Amino acid sequence: MADQHSPIIVWLREDLRLSDHPALYAAAKTGAPMICLYVLDDTPPLRPLGGAARWWLAQSLRALANGLQAVGGTLLLRRGPAAKVIAEVAGRAKAKAVFWNEIAQAPHRAAERALSASLHEMGVEAQSFPGDLLVRPEAIRGKDGKGLRVFTPFWKRVLALGDPSVPLPAPTALRAALPQPGEQLAGLGLEPTKPDWAGGLRETWQPGETAAQGRLKAFLADGIGSYANERDRPHRDATSGLSPHLRFGELSPRQIFHAARFAAAEHPSLAADVGKFLSELGWREFCRHLLFDHPDLSTRNLQSSFDAFPWRHDAPALGAWQCGATGYPIVDAGMRQLWQTGTMHNRVRMVVASFLVKHLLIDWRAGEAWFWDTLVDADAGSNPANWQWVAGSGADAAPYFRIFNPVLQCEKFDPDGDYVQRWVPELAGLPAPLIHRPWSASPIELASAQVKLGVTYPAPIIEHKAARTRALAAYQRTRAQV
């Protein structure tokens, strides 16, 4: 029978932080010894993390271990099916309870139910807490009892429920339980070694809760004032850069929400920028709610009419897109930024996604899978929902016939060519607007810039007007079959 010395296990997942952590806060308040446990669980139906996200996870776990150690705690690492591993640790440690924060996704809830059942049989208490959302999905339902599929009414409903509860403080002191057998971080195989392709990630990012809080504070102090007007400019540092920190729970959405609201209250002139910024947090919430209702969001069209769409299987074109060799400078710049840094500017994400599914007629799922593997902020809700939005097959989707012209997008949002020059340096000698359409430069202009189309930089793999005509014809044929 458990006594006052029996530990409480805090099961950590997508909440790798100490502050505003309901499960950790509740366990710390009991004064019981604690086992802070992370289980690397890649067992189906859980979706294994992509390479870039695995790299981030390793850094985040390292930072979390240091944070726990600073307040007297320790981090235990294990791998395997979470319910089985946690029950084993609970039995070995003679734990009296397991606490965790909910994740409102079908496979995660299945793991939680399996764990609760195992713990109940062992006589161990199981307690869960509100998870990584502003509002639980069950609280936002339409008249039909289903989740909303249009963003604006969804976000209005969320805001109408009032501000989320105030974030919880981090515990100042923890009691560590007796050590338990676990894995070393290196043993989890999260970081690439041969080859080590993560150099660009290391140069770009500093994962962990402390870095996340610093980035949020700096953005609200210095960056948010130009957010609404400048966020679509890929060459400017006008976005928050918080998405990977939010993805791994180094910050909670409640912390971001309240910090932004406080900034607007302190400086009323920031109200419009803060409102736009919070709507982006709302879009993340919307995508997570979609995932709650549609666990197969990454594999199935939300609009079944797209099941008949004549996608093309074109491995060379897909490869050219993946490595940034399409001949369209803004597309290539974005794909190279992604490979080097594990991220891509949001405006450019829309352009490159549109190019894949509409210019090349390649299934959105191929693009979603590539982003899942290469983005440090690859989110199980936002990634497929955004791809389906661009493809026209999703909820609140952009109409299929909205086909981005990559040249016009470049000229509008990167007018001086700064973004292209950074990521496609072989074109740096061309002035704007030629840098956005190098095929229109004269032989003399190309020679002066040391550009040889088809040699130092590829010619376009498809002509825009022809691609647009082909895409619209494919869409019309699909509609005719419905």
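No value in this document is a laboratory result; all are computed from the given coordinates. It should be emphasised that the depicted structure is a prediction, and the values quoted were computed from it without experimental measurement. Cβ atoms come from the backbone with ideal geometry, glycine included; neighbour counts cover every protein chain shown.
The equivalent ellipsoid that matches the C-alpha gyration tensor of the range 304-477 spans semi-axes of 27, 18, 14 angstrom, in descending order. Have a look at 294, 267, 331 and report the one farthest towards the positive end of the charge dipole of the range 224-333, computed about the Cα centre with Cβ charges (Lys/Arg +1, Asp/Glu -1). Toward the positive end, the furthest listed residue is 267. Largest first, the extents of the alpha carbon coordinates of the range 83-130 on the three principal axes equal 29, 18, 15 Å.
Once the Cα-Cα distance is subtracted from the 0.36 nm per residue extended length, the residue 183 to residue 127 segment shows a gain of 17.6 nm. Counting neighbouring beta carbons within 10 Å and listing from fewest to most, the residues 419, 25 come out as 25, 419. With the convex hull drawn over the C-alpha atoms of the range 50-157, the volume per residue is 165 Å³. In this simple spin-label model, placing a label point 7 Å from the Cα along the Cα-to-Cβ direction at both residue 470 and residue 276 gives a separation of 3.6 nm. When the listed pairs 194/412; 358/452; 276/412 are checked against a 29 Å cut-off, the alpha-carbon distance exceeds it for 194/412. Taking amide H as placed 1.01 Å from N in the peptide plane, residue 457 has its amide H under 5 Å from the amide H of 452, each at least 5 places away in sequence or on another chain.
Rounded to the nearest 10 degrees, what's the angle between the helix 382-391 long axis and the longest principal axis of the chain, both from Cα atoms, 0 to 90? The helix 382-391 is inclined about 30 degrees to the chain.
Listed by chain and number, the lysines placed with their C-alpha closer than 25 angstrom to that of residue 94 are 29, 84; residues fewer than eight positions away on the same chain are left out. For the pair residue 26 and residue 296, label points projected 7 Å from Cα toward Cβ lie 3.4 nm apart.
In terms of other Cβ atoms within 10 Å, 462, 256 run from fewest to most in the order 462, 256. Identify, among 23, 135, 249, the residue whose Cα sits farthest towards the positive end of the charge dipole of the chain, taking +1 on the Cβ of Lys and Arg and -1 on the Cβ of Asp and Glu, with the dipole about the Cα centre. Checking the options against the dipole of the chain, the answer is 135.
The ellipsoid equivalent to the alpha-carbon distribution of the chain has semi-axes of 42, 24, 23 angstrom, derived from the gyration tensor eigenvalues as √(5λ) and listed largest first.
Treating the Cα atoms of the range 210-340 as identical point scatterers in vacuum, please give the log10 of the normalised Debye intensity I(q)/I(0) at q = 0.11, 0.14, 0.15, 0.20 Å⁻¹, two decimals. One equal scatterer on each Cα of the range 210-340 leads to -0.59, -0.87, -0.95, -1.17.
Sorting the segments 354-363, 169-178 by their mean number of nearby beta carbons within 10 angstrom, highest to lowest, gives 354-363, 169-178. Length gained on full extension, residue 445 to residue 202: 83.7 nm, using 0.36 nm per residue less the C-alpha separation. Computed from the alpha carbon positions, the gyration tensor of the range 110-195 leads to an equivalent ellipsoid with semi-axes of 36, 21, 18 Å, biggest first.
From least to most packed, judged by other beta carbons within 10 angstrom and beginning with the fewest, 424, 39 follow the order 39, 424.
Around the Cα centre of the chain, unit charges on the Cβ atoms of Lys, Arg, Asp and Glu (plus for the first two, minus for the last two) sum to a dipole of about 760 debye.
Rg/Rh for the range 270-318 (Cα atoms only, Rh after Kirkwood) is 1.21.
Computed from the C-beta positions of residue 315 and residue 428 and an R0 of 35 Å, the FRET efficiency is 0.70 to the nearest 0.05.
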